[in-house]
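I have placed the structure first, in the form of structure tokens, so that the comments after it can refer back to it.
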Amino acid sequence: MQLLTIMHPGRVEQPLQLYRIQLTSQKKNRPGPESDTRGKEQDETPLICSHCSSAITTDREAVTVNGQHEHAFFNPAGIAFEIRCFRRAPGCRIQGKPTTEFSWFQGYSWQFAHCNNCLLQLGWFFQSARQQKTFFGLMSSKVI
């Protein structure tokens, strides 16, 4: 677990402290970008919205960010989230203005990612300002 201290500009109160948790996943069917699994049937099976069962993405779109595909974080309210990273999520709608406030990934801004069909929040869309890299961080409990 890593402790992060964040100073909020314009606030005099104490800095916010967040904890970043390292997951040690035992899941074997989660390909990263290094795995060449093209053509395998399991990669085309859609990952679906847990609420309405709409197709969101596939395991083929899985990517690693900061060396991992799966991450766990706490938000400023202390709520824990386990997310998986994907290069594309065609079943998501990106909403809100980009912000870097409380971003879990240094150098990235984020926006909300909602299901195109039922509008359930599925996670976040991250975009790097300098390198123009993008990815979706989707909650493991919302995309199954």
Q: Write out, first by first residue and then by second, each pair whose Cβ atoms fall under 8 Å of each other, whose residues are 6+ apart or on separate chains, and whose first residue, in the range 42-71, is under 18 Å from Leu122 (Cα atoms) while the second is of a type in the set (S, T, N, Q) and in a helix (DSSP H, G or I).
A: Asp59/Gln42
Q | Count of the range 112-124 residues which are free of Cβ contacts under 8 Å to residues at least 40 places away in the same chain and either among the acidic types (Asp, Glu) or in contact with a Gly (Cβ under 8 Å, 6 or more places away or on another chain) (or both) | A | 2
Q. Does the range 47-64 hold any residues that are of a type outside the set (Lys, Arg) and either part of a helix (DSSP H, G or I) or at pLDDT below 95 (or both), and which are they?
A. Asp59, Glu61
Q: Mind listing whichever residues of the range 68-87 are aliphatic (A, V, I, L, M) and closer than 15 Å to Ser141 by Cβ?
A: Ala72, Ile79, Ala80, Ile83
Q. Does any residue of the range 17-25 turn out to be surrounded by 11 or more Cβ atoms within 10 Å (Cβ to Cβ), small (Gly, Ala, Ser) and modelled with pLDDT under 95?
A. yes
**Q.** Residues of the range 65-89 satisfying the condition of being modelled with pLDDT of 95 or more, part of a loop (DSSP other than H, G, I, E, B) and touching a strand residue (DSSP E or B) at 6+ places or on another chain (Cβ under 7 Å)
**A.** His69, Arg87, Arg88, Ala89
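The values are calculated or read from the model by the stated rules, or taken from the named source; none is laboratory data. Everything numeric here is computed off the predicted structure, so don't read it as measured data. No Cβ is skipped: glycine too gets one built from the backbone with ideal geometry, and neighbour counts run over all protein chains shown.
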